[in-house]
Amino acid sequence: MRLDVVALGATTGLVWGAAILIVASANLLWPPYGRALLDLAASIYPGYHPGSGAGSVVTGTLYGLVDGAAGGAVFAWLYNLLARRFSNTAA
């Protein structure tokens, strides 16, 4: 079985971007909500500052979309590579 690199990249990008969008938006309404996750994201994404307004929500969401897509694509590519390499071994 092979994974579609583009489809998995798009899916994980949308899921991670939506997760950041939801948590960052909730954090604007209830400031302690999701703060640890957003602080972690801020330590990875340059220029992202959680809780500083709607611009930070958009910035975090865009970073999440790109980061999730790249991570999903790399995962699918690596899975396909290893599956092809080890599929010929005897069980």
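The values are calculated or read from the model by the stated rules, or taken from the named source; none is laboratory data. Bear in mind that the values here come from a model prediction, so they are computed numbers and not experimental data. Cβ atoms come from the backbone with ideal geometry, glycine included; neighbour counts cover every protein chain shown. Surface accessibility is based on the protein's heavy atoms, side chains included, excluding ligands, DNA and RNA. Shrake-Rupley method; radii C 1.70, N 1.55, O 1.52, S 1.80 Å.
What to note about this one:
- Odd one out for GLY72 among (1) in a helix (DSSP H, G or I); (2) open to solvent by 30 Å² or more (accessible area, probe 1.4 Å); (3) more than 11 Å from ILE20 (Cα to Cα): (2)
- Number of residues in region 40-53 that are farther than 14 Å from ALA19 by Cα and loosely packed, with under 13 Cβ neighbours inside 10 Å: the value is 6.
- Among the conditions (1) open to solvent by 80 Å² or more (accessible area, probe 1.4 Å); (2) not in a helix (DSSP H, G or I); (3) not basic (Lys, Arg), the only one that TYR79 does not satisfy is (2).
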